[in-house]
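Student: Structure below; questions to follow.
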Amino acid sequence: MSEEESPSRSQRLGQETRRVSRQAGQALGQLNPISRSTYPHDIHPALVPGIGIDEQRRRYSIDWLIFAITGVLTVAFVIWGVTSPESVGSVSGMAYEWTMNHAGWLFNAVAIVVLVFLLILAATRYGRIPLGKDGEQPEFSTFAWISMLFAAGIGIGVLFWGPAEPLTYFHNVPPPLEHAPESDQALHSAMAQTYYHWGLHAWGIYALVGGAVAYAAYRRGRVPLMSAIFEKLFGKKHSEGFAGQLIDMFAIIATLFGTAAALGIAVLQIGEGVVIVSGASELTNAMMIGVIAVLSACFVVSAVSGISRGIRYLSSINIILTIGVIGLFFFAGPTLFLLNMLPSALMEYLGTLFQMMGRSASWGQDTVEFQSTWTVYYWAWWISWSPFVGIFIARVSRGRTIRQFILGVILVPSSLLFLAYGVMGGVSMWLSREGQGNVSPDLTAPEVLFAVVDALPFLQWLPIVIVVILSIFFITSADSASVVMGILTTRGDQDPNKIVVVFWGLVMAGVATVMLLLGDETALEGLQSLVIITALPFAVVLILIMVAWSRELATDPHALREKYATTAVSNAVLDGVARYGDDFAIEVVPTHPGEGAGAEVDSEHDDYTEWYQRTDEDGTPVGYDFATGEWADGWDPETGEIGTVVTEQLQGQTAESGEGQTTSR
């Protein structure tokens, strides 16, 4: 899902951003005839149009503390897991048991609270704030944006869990429900439970991280790091210091293990396909390691050879192939049954949503065990994937309002997954109930997909296509996740060092290998336990993100203007009616200090002003004119160099202009 912009596209985007900045600055600047030297660049915080990350002057480099600590710890884990899997299994088992007993409730709480928080946020006045500068148009059309969100919703899990998860619930009804297995009621509740795990709550977690990153990068001009979200909450010194580095480390670890789990299940599915296609007797550890080695080699080649554009095209083709597989299931399977079941399953999900959200340890031990195996595992998986997917959807959503972003990210991919899982799960349950083929709950999850394919007519060739699809998903997911971890390691560099990217890709493959070696015969236990353990710290980070983002939105220029408008209009209407009845109009006039629209706002406070003080690469304050987009030291954003300095000090002082030599920065 990584998207490296071509130079021409980046140049066009930079030019458009600067044009919007000048227009917004000129328009808003005309509204402020009073110069106040107490404000940075003599501009009131309510008139700042926003700052994009591409307008800032930054020097990127590897953060050696983050790279060293996370790199050493993860490499040591891989070596430990390969040399002594029993020891790692024992330790991870104890850590998993402690996490489930003491923090299982936290994952449930975070998933619920995040979704509620976002829906409330979208409904408030903050929902109108853009994830970009005032007047900035979305970088992608609505159709293209929705298409990319659909692409984000399609992945390895659809083919792996699509037929298997509903089939499991169909035969083993999730407690505390007491439906008869294989009944009509069990069928619909199985789909509802699957939708619960893959729908609104999952994408709410992604939307929280993506929205906060997009706001920080495209509205406040910060680097797209998890730590940048907390600048206002922690203070710039701490968010760029060890506290911020610790958060970015948690994000790397969560992304590493979450993506490794996805790669692990892809390897299980690919291995099963290889067994079927080749006629081998069974899937062995040696075969799985061989699959990982081959696919990792392909990833390394793609990462170092500069064929990322081809990888993106391949990824797009893969999405089309996956949708094609779902379409084949729909038309080759029980089409009429699916047409009846899909809307009923959706209504069952919506009707029992609050009931499923309320299940906890208070429902008994059976419910606890089910939650541990399924629900908590999924919440942990989505939390661990949130830095990866969040940064992707942030990068494609620039210019959208917060309301558009939240509703789009939550509803669009969820709707696709409801359809995909409804089709694949419906087919597997129907085949099992009708006794057609060898589709049964006794099969392992990787085997269910191929059993369904074998039971459908005219699809004997499909396993080969499925293996190809999953192999491409492995390579593209490893490529995208490695780039994100590279960004987190290089202080937000959008084009991180290729050696760093390859390093994280290889470590990810190593972690996937260890996860598979730790599991039982299906290898899923090792995947689940390690994902849950490593996602726990980032679950706490998500709670802090909600607090930090809320505080930033309260001081946003758009929110400040709305606050002024509400107060001014309210005061004017009350005064006008009291003095003139129906016959009055409103005009802007000065008032005594403390009596105007901003009487309750300390607009000179650092919370409102500190963020838009422009600096050079070393953090030294530099004059800047928001109306013209010119830097006082003559820095040219096109070349990244300081050219001939024509200094017109933004405090109103006219300085000398002269010819100076161009200095490379």
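The values are calculated or read from the model by the stated rules, or taken from the named source; none is laboratory data. Predicted model only: the values in this text are computed from it and were never measured. Counting neighbours? That spans all protein chains shown, and the Cβs are built from the backbone with ideal geometry, glycine included.
Student: Please go through (1) over 33 Å from the mean Cα position of the chain (by Cα); (2) modelled with pLDDT of 90 or more for Gly594 and return the number of the only condition it doesn't satisfy.
Tutor: Checking Gly594 against (1) over 33 Å from the mean Cα position of the chain (by Cα); (2) modelled with pLDDT of 90 or more, the one that fails is (2).
Student: Scan region 150-185 residue by residue and report those that are within 29 Å of Gln404 (Cα to Cα) and crowded, with 20+ Cβ neighbours inside 10 Å. Show your work before the answer.
Tutor: Our first condition is that a residue be within 29 Å of Gln404 (Cα to Cα); within region 150-185, this holds for 150-158, 162.
Those that are within 29 Å of Gln404 (Cα to Cα) and crowded, with 20+ Cβ neighbours inside 10 Å: Ala151, Ala152, Gly153, Ile154, Gly155, Ile156, Gly157, Val158, Gly162.
Student: I've got another one for you. Out of all the residues in region 463-474, is one or more buried (at least 24 other Cβ atoms within 10 Å of the Cβ), part of a helix (DSSP H, G or I) and under 19 Å from the mean Cα position of the chain (by Cα)?
Tutor: Yes.
Student: For region 96-141: of the residues being within 17 Å of Ala214 (Cα to Cα) and of a type in the set (Lys, Arg), which is surrounded by the most Cβ atoms within 10 Å (Cβ to Cβ)?
Tutor: Filtering first and then ranking leaves Lys133.
Student: Would you mind finding the one in Ile391, Ile406 that is at pLDDT below 95, within 25 Å of Gly221 (Cα to Cα), part of a helix (DSSP H, G or I) and under 15 Å from the mean Cα position of the chain (by Cα)? Lay out the reasoning, then the answer.
Tutor: Details: Ile406 fails: at pLDDT below 95.
Only one candidate qualifies: Ile391.
Here is a yes/no grid of residues against (1) of a type in the set (Gly, Ala, Ser); (2) assigned to a helix (DSSP H, G or I); (3) at pLDDT 85 or above; (4) surrounded by 13 or more Cβ atoms within 10 Å (Cβ to Cβ):
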site	(1), (2), (3), (4)
Glu617	no, no, yes, yes
Thr628	no, no, yes, yes
Leu650	no, no, no, yes
Ala655	yes, no, no, no
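Student: Same structure, new question: Test Val448 against the stated conditions and say whether it is assigned to a helix (DSSP H, G or I) and more than 13 Å from Val325 (Cα to Cα). Quick ask: steps written out before the conclusion?
Tutor: Working: assigned to a helix (DSSP H, G or I): yes; more than 13 Å from Val325 (Cα to Cα): yes.
Yes: the conditions hold for Val448.
Student: Another question, then. Can you name the helices (runs of 4 or more DSSP H) wholly within region 283-371 that have at least 2 residues being within 21 Å of Leu159 (Cα to Cα) and at pLDDT 85 or above? Give the steps one after another, and end with the answer.
Tutor: Numbers: elements: 285-304, 308-332, 335-357, 365-370.
Fully inside region 283-371 and qualifying: 285-304, 308-332, 335-357.
Student: Another question, then. For the list (1) loosely packed, with under 13 Cβ neighbours inside 10 Å; (2) part of a helix (DSSP H, G or I); (3) without any contact (Cβ under 8 Å) to a residue 12 or more places away in the chain, I need the number of the one condition that Val573 fails.
Tutor: Against the list (1) loosely packed, with under 13 Cβ neighbours inside 10 Å; (2) part of a helix (DSSP H, G or I); (3) without any contact (Cβ under 8 Å) to a residue 12 or more places away in the chain, Val573 comes up short only on (3).
Student: Got at least one residue in region 489-506 being more than 20 Å from Ile292 (Cα to Cα), of a type in the set (Val, Ile, Thr) and modelled with pLDDT of 90 or more? If you could, list the steps in order and put the result at the bottom.
Tutor: Narrowing region 489-506 to residues more than 20 Å from Ile292 (Cα to Cα): 489-498.
Remaining after also requiring of a type in the set (Val, Ile, Thr): 489-490.
Within this subset, residues satisfying the condition of being modelled with pLDDT of 90 or more are 489-490.
Yes: one or more hits.
Student: Any residue in region 434-443 that is β-branched (Val, Ile, Thr) and at pLDDT 95 or above?
Tutor: So in region 434-443, the residues β-branched (Val, Ile, Thr) come out as 439.
Among the residues that remain, those that are also at pLDDT 95 or above are: none.
Looking for residues that are β-branched (Val, Ile, Thr) and at pLDDT 95 or above, one finds none in region 434-443, hence no.
Student: Return the total of residues in region 400-415 being buried (at least 24 other Cβ atoms within 10 Å of the Cβ) and under 11 Å from Phe150 (Cβ atoms).
Tutor: Qualifying residue count for the region: 1.
Student: Moving to a separate point now. Can you name the residue in region 560-591 that is closer than 20 Å to Ile129 by Cβ and among the β-branched types (Val, Ile, Thr) and is also nearest to the chain's Cα centre (by Cα) among such residues? Even if it seems obvious, please write down each step before you answer.
Tutor: Of the residues in region 560-591, the ones closer than 20 Å to Ile129 by Cβ are 560-569.
Filter once more, so that each one left must be among the β-branched types (Val, Ile, Thr): 566-567, 569.
Working: Thr566: 34, Thr567: 36, Val569: 39 Å.
Once the filter is applied, the top-ranked residue is Thr566.
Student: Find the residue count for region 630-648, including only residues that are among the aliphatic types (A, V, I, L, M) and modelled with pLDDT of 85 or more.
Tutor: Here is the first cut: in region 630-648, the ones among the aliphatic types (A, V, I, L, M) are 632, 642, 645-646.
Still in the running and modelled with pLDDT of 85 or more: 632.
Qualifying residue count for the region: 1.
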